[in-house]
1. Name the single residue, out of those in the range 69-116 being β-branched (Val, Ile, Thr) and open to solvent by less than 20 Å² (accessible area, probe 1.4 Å), that is nearest to GLU6 (Cα to Cα).
2. ILE28: more than 19 Å from GLY9 (Cβ to Cβ), among the β-branched types (Val, Ile, Thr) and open to solvent by less than 50 Å² (accessible area, probe 1.4 Å), yes or no?
Amino acid sequence: QVQLVESGGGLVQPGGFLRLSCAASGSIFSLNAMGWYRQAPGKQRELVAAITTGGSANYADSVKGRFTISRDNAKNTVSLQMNSLKPEDTAVYYCHADGVVVTTSGYRYLELWGQGTLVTVSS
């Protein structure tokens, strides 16, 4: 089955940095846009950054200049480099992708989500 698996979350001090990675595995035909969402306690899930297959990126205003999203189309991975972290960045971060997967009945376009990885920014 197709899965998105995140890694890299953890505890970091304000001003520090962290790199999140997400790897897609399984019977994947192709992936389209990939991105990262986050959900902080008491808040709605929000888009942090997204990237197209061509490398065009889009960021939430709150992270512009601090976060950088990248992807490797050949490896079906996407990463999020987070610098100058703030306590407000504390949240569960979810990897997301749209893509075409191979099922027993043929090709199917699906929306994929990772399990989430917790990022805590605190001194």
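The values are calculated or read from the model by the stated rules, or taken from the named source; none is laboratory data. If you're wondering where the values come from, they're calculated on a predicted model, not measured in any experiment. Note that each Cβ is placed from the backbone with ideal geometry, even for glycine, and that neighbours are counted across all protein chains shown. Each accessible area value is taken on the protein alone, full model and side chains, heavy atoms only, with ligands, DNA and RNA left out. Shrake-Rupley method; radii C 1.70, N 1.55, O 1.52, S 1.80 Å.
1. Filtering the range 69-116 for residues that are β-branched (Val, Ile, Thr) and open to solvent by less than 20 Å² (accessible area, probe 1.4 Å), the one nearest to GLU6 (Cα to Cα) comes out as VAL78.
2. yes
Matching residues to (1) part of a loop (DSSP other than H, G, I, E, B); (2) of a type in the set (Val, Ile, Thr); (3) modelled with pLDDT under 95:
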{"site": "ILE69", "(1), (2), (3)": "no, yes, no"}
{"site": "LYS75", "(1), (2), (3)": "yes, no, yes"}
{"site": "SER79", "(1), (2), (3)": "no, no, no"}
{"site": "SER84", "(1), (2), (3)": "yes, no, no"}
{"site": "GLU88", "(1), (2), (3)": "no, no, no"}
{"site": "HIS96", "(1), (2), (3)": "no, no, no"}
{"site": "GLY99", "(1), (2), (3)": "no, no, yes"}
{"site": "LEU118", "(1), (2), (3)": "no, no, no"}
